[in-house]
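Below: one structure, written as structure tokens.
The values are calculated or read from the model by the stated rules, or taken from the named source; none is laboratory data. From a predicted model like this one, the values you see are computed outputs, not experimental measurements. No Cβ is skipped: glycine too gets one built from the backbone with ideal geometry, and neighbour counts run over all protein chains shown. Just so you know, the surface numbers come from the protein's heavy atoms only, side chains and all, with ligands and any DNA or RNA stripped out. Shrake-Rupley method; radii C 1.70, N 1.55, O 1.52, S 1.80 Å.
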Amino acid sequence: MKEKENNKRGTGGTRFLIHLFTAFLGILIFWLLGFMVRDIESLQGPEYALIESKHLDQSVIMRKERLEAQLAKMERRITSKHEEQRLTGDSSQNLQRTINQFLDLQKISIEKAISLSEADKENLSLSLKHFFESQRRYQELNKRLTELTSQKHRLDNEKRSIEQQIEEQTRPAHDEFRKLTQLHRLRLALYQLSILVPLLLIAGYLLIGKRRSIYFPFLLAFGAATLLKVGFVIHGYLPIRYFKYILTVTLIIVVARLLVHLVRIKAFPKPDLLMRQYREAYEQFLCPVCEYPIRIGPLKFLSWDRRTAYKILPQQKFTGKNEPYICPSCGTGLFEQCPSCQQIRHALLIHCEHCGSKKIIPYTAQT
């Protein structure tokens, strides 16, 4: 009955949908675990401003702020003086052109022996007066700009000196903030792993203990999603140089555990696996115990192995088993007479192919 239940595999479409929804369920569980991890990551960490305030001299900070305000004011004054100087220079250029026009007019008058009018002479004199006044104002602005620039350089030097003091005072704050941040990240990793690792252990326990359950796909999706999320958390919080060692050691443990499991399966096979081994060996006309070719009937003078069986053996079904047969290599009885129908049956299979009678197979470990 157990063997018949194991053969209830369903149609190909049903198996495909089971695999598809198993993968989709694993993705949904991975998302759910991701929401939980992000909620934990939202926990408040150390604030740099509070740490910095413990190490900085507030008088130095206030001095820096006053210097920055003075520098900003100085920049505005310098910009204003530059604009005023530009306008004064434009005015001087306009007066220069006007004076040149009057001089040209005076030159023409002299050439033609015509004297300038009193109005033109007064305008020329007034233009010269404004020009010299503009030049004087331009020189004053230039001198004032030089003074302001010198003051700005002095304030810049003082600001750099204060910034150097602040940098020396903030260095311990940076170190403390870095240490507290590392502790906070480790604390977050501990919180996350304290939830994920128990879930992973539960998933592993259920996968091993319930691997024959009909609900194994649910457990597989849950275990795979949890394992993947644990890997992401470890990779996100641990340095690469530590993570590569953890990953390598974990893979070594997993591979070694799988290898031990496979070796135990081979050394101490379970009845259903051993029966599958027997069936596959009979299909290839090989001894199920030592894989020596079963040479009966027309196969007596052929030679093959598991790799070349389907190339050498006839394609049609062979029905020449008409007498008991014992493997000449290991001495295992492979064909025997059925006690129910007296026909020749497989000695290592459960049912007789002629009458269907059942026998108990003495399963033993293979050497």
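Brief remarks follow.
- Phe30 passes every criterion in (1) exposed (fewer than 13 other Cβ atoms within 10 Å of the Cβ); (2) more than 21 Å from Arg187 (Cβ to Cβ); (3) at pLDDT 85 or above; (4) hydrophobic (A, V, I, L, M, F, W, C) apart from (1).
- Residue that is under 23 Å from the mean Cα position of the chain (by Cα) and modelled with pLDDT of 80 or more, where the choices are Gly236, Gly231: Gly231
- First in the stretch 331-347 and on the phi > 0 side of the Ramachandran plot and open to solvent by 60 Å² or more (accessible area, probe 1.4 Å), second anywhere and of a type in the set (Asp, Glu) and modelled with pLDDT of 85 or more, Cβ under 7 Å, 6 or more apart: none
- Failed item, numbered, when Phe24 is tested on (1) assigned to a helix (DSSP H, G or I); (2) open to solvent by 90 Å² or more (accessible area, probe 1.4 Å); (3) at pLDDT below 90: (3)
- Hey, Glu83 modelled with pLDDT of 75 or more, within 30 Å of Leu56 (Cβ to Cβ) and assigned to a helix (DSSP H, G or I) or not: no
- Unmet criterion (only one of (1) assigned to a helix (DSSP H, G or I); (2) of a type outside the set (D, E, K, R); (3) at pLDDT 80 or above) for Leu247: (3)
- Among residues of the stretch 280-289 being surrounded by 15 or more Cβ atoms within 10 Å (Cβ to Cβ) and of a type outside the set (S, T, N, Q), the one that is nearest to the chain's Cα centre (by Cα) is Ala281.
- For the stretch 320-330, the candidate set comprises residues that are hydrophobic (A, V, I, L, M, F, W, C) and open to solvent by less than 60 Å² (accessible area, probe 1.4 Å); within that set, the residue that is nearest to Tyr282 (Cα to Cα) is Cys327.
- Counted residues, the stretch 257-278 - those being touching a strand residue (DSSP E or B) at 6+ places or on another chain (Cβ under 9 Å) and either among the hydrophobic types (A, V, I, L, M, F, W, C) or open to solvent by 70 Å² or more (accessible area, probe 1.4 Å) (or both): 0
- Set Tyr215, Tyr245, Tyr237, Tyr205: member being under 25 Å from Ala49 (Cβ atoms) and hydroxyl-bearing (Ser, Thr, Tyr): Tyr237
- Looking only at residues of the stretch 37-71 that are among the aliphatic types (A, V, I, L, M) and touching a Lys or Arg at 6+ places or on another chain (Cβ under 9 Å), we find that the one that is nearest to Gln164 (Cα to Cα) is Leu67.
- Filter pass, Leu219 being part of a helix (DSSP H, G or I), free of Cβ contacts under 8 Å to residues at least 40 places away in the same chain, surrounded by fewer than 18 Cβ atoms within 10 Å (Cβ to Cβ) and not hydroxyl-bearing (Ser, Thr, Tyr): no
- If only residues of the stretch 157-211 that are under 29 Å from Gly231 (Cβ atoms) and among the β-branched types (Val, Ile, Thr) are counted, the one that is most open to solvent (accessible area, probe 1.4 Å) is Ile208.
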